[in-house]
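First comes the structure, then the notes that go with it.
Just so you know, all these numbers are worked out from the coordinates, no wet-lab data involved. Since we're looking at a predicted model, the values are computed, not measured. With ideal geometry, Cβ positions are generated from the backbone for all residues, glycine too; neighbour counts draw on all protein chains shown.
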Amino acid sequence: MKLVDLSHKIKPPHDQFGSTIIVEGDQCYDTSGYYSSKIYMGSHTGTHIESNRHFNRDGVAIDEAPLSDFYGNAAVLDLTHKKGRVDITSKDLEEAAGKAGVDLEKVKVVLVRTDLSKLWGTPEYKSNDRPNITVEAHEWLINKGVKVIGADMLVPERDRLGSDPSVKPSDPERWPAHCLMNKYDFYLIENLTNLDKIPKPFFTFIGFPLSLAGAEASPMRAVAVIE
Ligand SMILES: [Zn+2]
């Protein structure tokens, strides 16, 4: 059995948005005989999973979600040929699944590989000129029974602010794929990495959030288990 680490390292002083991460010594070896630390960071730091509480006030909080949702059959789909400001549609996902020989009806978790994770930590990683997994593509996966949709990008869809004059900064429709959280019970994982290191398209996924009471998201250690 082989385990592939799909999470970025969490490292002060900043997360992927530039928000502060602090890890500081609380007790130290010299005065207490042991070391422990205090940690401060956002719930969307690094590789993280979001439940539909993120966009839906009545949605499932991350600690209320059944653990079985975060463990199971998974597929990684190669969309690395999609470069720049392009859409990733259900047709693209269907083609990638066909090439990989994966039956999406049999998987709980779908990870979309773009290899943008290789730009992690650079300004380009945050650029809006990146692929956009369409709302239609998300719905197509959800209707196949997929519960968790992950990508090795900052966000699965493109920010509509700036490109659509009708969209305001506070408008949830800036993030149309996230808005599906008002319609379906599913999860999004953002900022995955090492999807190129998963040696076969069909594998077992394990990735649990922390049991943060009432939270809408949590950093996670996502792992591909290769039998
Ligand atoms: Zn998100």
Q: Please find the FRET efficiency linking Lys83 to Arg57, where r is the Cβ-Cβ separation and R0 is fixed at 35 Å, and quote it to the nearest 0.05.
A: 0.40
Q.
What three numbers, in Å, describe the spread of the alpha carbons of segment 1-57 along their principal axes, ordered from the longest?
A. 46, 38, 22
Q | Unit charges on C-beta of K, R, D, E only; dipole of segment 147-227, Debye | A | 100
Q: For segment 134-227, state the average projected area of the convex hull of the C-alpha atoms over all orientations, rounded to one decimal in nm².
A: 7.6
Q. In nm, what is the difference between 0.36 nm times the number of residues separating Asp164 and Tyr34 and their Cα-Cα distance?
A. 41.3 nm
Q. Farthest toward the dipole's positive end in the chain, which of Pro172, Leu212, Gly162, given Cβ charges of +1 (Lys, Arg) and -1 (Asp, Glu) about the Cα centre?
A. Gly162
Q. Ranked highest first by average number of other Cβ atoms within 10 Å, how do 18-28, 127-137 line up?
A. 127-137, 18-28
Q: Would you look at the GNM of the chain, springs on alpha carbons closer than 10 Å, and say which of Phe70, Phe17, Phe208 moves the most?
A: Phe17
Q: Of the DSSP beta bridges with both residues in the chain, give the percent that are antiparallel, rounding to the nearest 5.
A: 65
Q: Would you mind working out the magnitude of the charge dipole of the chain relative to its Cα centre, with +1 at each Lys and Arg C-beta and -1 at each Asp and Glu C-beta, to the nearest 20 Debye?
A: 380
Q | Whole-number D in µm²/s for segment 26-122 (Stokes-Einstein; Kirkwood sum over Cα pairs; 10 °C, 1.306 mPa s) | A | 91
Q: Compute the Rg/Rh shape ratio of segment 157-211: radius of gyration over Kirkwood radius, all on alpha-carbon atoms.
A: 1.10
Q. Can you give the angle from 0 to 90° between the axis of helix 90-100 and the longest principal axis of the chain, with both taken from C-alpha atoms, to the nearest 10?
A. 80
Q | Residue among Asn56, Val4, Ile149 farthest towards the positive dipole end of the chain, charges placed on Cβ | A | Val4
Q. Which log10 I(q)/I(0) values, to two decimals, does the chain give at q = 0.09, 0.11, 0.15 Å⁻¹ under the Debye formula with one point per Cα?
A. -0.37, -0.55, -1.01
Q: At 7 Å along the Cα-to-beta-carbon direction for both Glu95 and Asp171, put a label point, then send me their distance in nm to one decimal.
A: 3.1
Q.
Using +1 at the C-beta of Lys and Arg and -1 at the C-beta of Asp and Glu, which of Ser68, Ser90, Thr31 has the Cα lying farthest in the positive direction of the dipole of segment 8-167?
A. Ser90
Q) Between segment 183-227 and segment 150-173, what's the alpha-carbon centroid distance in Å? A) 22
